[in-house]
1. Would you mention how many residues in the stretch 36-68 are in a helix (DSSP H, G or I), closer than 19 Å to Glu24 by Cβ and touching a residue at least 24 places away in the same chain (Cβ under 8 Å)?
2. Just to verify a result, which residue in the stretch 1-16, among those that are open to solvent by 100 Å² or more (accessible area, probe 1.4 Å) and either of a type outside the set (S, T, N, Q) or not in a loop (DSSP other than H, G, I, E, B) (or both), is nearest to Tyr52 (Cα to Cα)?
3. Could you grab me the full set of residues in the stretch 17-32 that are surrounded by 14 or more Cβ atoms within 10 Å (Cβ to Cβ) and either at pLDDT below 95 or within 19 Å of Arg53 (Cβ to Cβ) (or both)?
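The values are calculated or read from the model by the stated rules, or taken from the named source; none is laboratory data. No experiment lies behind these values; they were computed from the predicted model shown. Methodologically, a virtual Cβ is constructed for each residue, glycine included, from the backbone with ideal geometry; neighbour enumeration extends over all protein chains shown. These area figures cover heavy atoms from the full protein model, side chains too; ligands, DNA and RNA do not enter into them. Shrake-Rupley method; radii C 1.70, N 1.55, O 1.52, S 1.80 Å.
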Amino acid sequence: MSFSFNLIDQPWIPCLRDDGRPDELSIRDTLMQAHKLREIRGDTPLETVAIYRLLLTVLHRVFGPKDR
């Protein structure tokens, strides 16, 4: 039996929606619904920073400069 987990599509990022409801979203949903989120909050401050850093890395790769 093999297990897999797709970080892009599977919900795992703990978020708080504008109306105060907690939710878990995938990377794709987090970036697509960022305007509807109040905050992203991990279990620890270090986890929260790591999630923000991952999301910023994705955005920089997609929308960042073409060269160095």
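1. 4
2. If we take residues in the stretch 1-16 being open to solvent by 100 Å² or more (accessible area, probe 1.4 Å) and either of a type outside the set (S, T, N, Q) or not in a loop (DSSP other than H, G, I, E, B) (or both), then Phe5 is nearest to Tyr52 (Cα to Cα).
3. Leu25, Ser26, Ile27, Arg28, Asp29, Thr30, Leu31 - these are the residues of the stretch 17-32 that are surrounded by 14 or more Cβ atoms within 10 Å (Cβ to Cβ) and either at pLDDT below 95 or within 19 Å of Arg53 (Cβ to Cβ) (or both).
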